[in-house]
Amino acid sequence: MSPKFSSFQPFKLATFLLILSLFGIASAQLYPDYYAKTCPGALPAIEKVVRAAVANEPRMGASLLRLQFHDCFVNGCDGSVLLDDTPTMKGEKTAKPNNGSLRGFDVIDRIKAEVEKICPGVVSCADIITITARDSVVALGGPYWTVLLGRRDSKIANFSGANSDLPAPTLNLTNFTTSFANKGLSVSDLVTLYGAHTIGQARCTNFRPRIYNETNIDPSYARALRANCPLPKSELLTWLPTAVYSFKYLSCWLLQPQLSQRHCLLISMTECVRKLCQLSNE
């Protein structure tokens, strides 16, 4: 790997993840020490559970980070993704982008139980999801950033919004960038937030057509992926390139054949390439 890709600037990553955590709460009063007096033990308790979960299964760190994205990208960071179906409301868990793939609910349940032992009825689930995402990134070797707190939990889920707002893997470039622009996010935000794809596992179903049918991929790379994702179709998983959260994933995009069609779309966009190069060199 080229020396210019040997490091990254944690501040930029932390800044954009902070932007993500601020979705939908422009009018709220959030503070980093919101629970300093009412529940000072909350953050250590959350971190302890997250570190144990990630140590037991590193993939869980990626899943918890994805959980925050799927919560925030719909109605803002309001914890609505956690709500189950009721006779009068359809929850977001079974929306197409979430059903069968969104994970980490059990970890959030364990965290909530531990926090409730310390200070019942004080810390919101929305804040727990946001803190958990930060602690997961840190546990995987990524940067630490200050989380602003004081969110309130939604009592209403948005099943239709989860289906329509969360960007699908099959989106073309125009629709992909538009989905982020609709949330007030720039191309720079998009590229940086995509650092989440440096860790975890990818589902074969999301890129099988590419490795079997497309030609703009290195043949040896495609063969290696086919070994993990054989035909007939299966729901197997394959590991992503690295085990830690780092902007080194950007160098993989620039120097190596991309795994998914969406990654290729980003590379094909001049503005994205410029941002990739900028972040990779910092």
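The values are calculated or read from the model by the stated rules, or taken from the named source; none is laboratory data. From a predicted model like this one, the values you see are computed outputs, not experimental measurements. Cβ placement follows ideal geometry from the backbone for every residue including glycine, while neighbour counts extend to all protein chains displayed.
Only one residue in Ala126, Ala53 is in the same structural domain as Leu30 (by TED's automatic domain parsing), within 16 Å of the chain's Cα centre (by Cα) and crowded, with 18+ Cβ neighbours inside 10 Å, so which one is that?
Numbers: Ala53 fails: within 16 Å of the chain's Cα centre (by Cα).
The unique qualifying residue is Ala126.
Among the residues of region 129-181, those that are surrounded by 17 or more Cβ atoms within 10 Å (Cβ to Cβ), within 22 Å of Leu83 (Cβ to Cβ) and of a type in the set (Gly, Ala, Ser) comprise Ala133, Ser136, Ser154, Ala157, Ala162.
Being closer than 16 Å to His70 by Cβ, free of Cβ contacts under 8 Å to residues at least 60 places away in the same chain and out of contact with any strand residue (DSSP E or B) (no Cβ under 7 Å at 6 or more places or on another chain) holds for only one residue in Ser154, Ser186, Ser164, and it is Ser164.
The criterion of at least 2 residues that are out of contact with any Phe, Trp or Tyr (no Cβ under 9 Å at 6 or more places or on another chain) and either within 25 Å of Val54 (Cβ to Cβ) or not aliphatic (A, V, I, L, M) (or both) is met, among helices (runs of 4 or more DSSP H) falling completely within region 81-200, by 105-118, 125-139, 159-165, 173-181. Just one of the listed residues (Ile199, Ile211) is outside the structural domain of Val138 (by TED's automatic domain parsing), crowded, with 19+ Cβ neighbours inside 10 Å and modelled with pLDDT under 70, namely Ile199.
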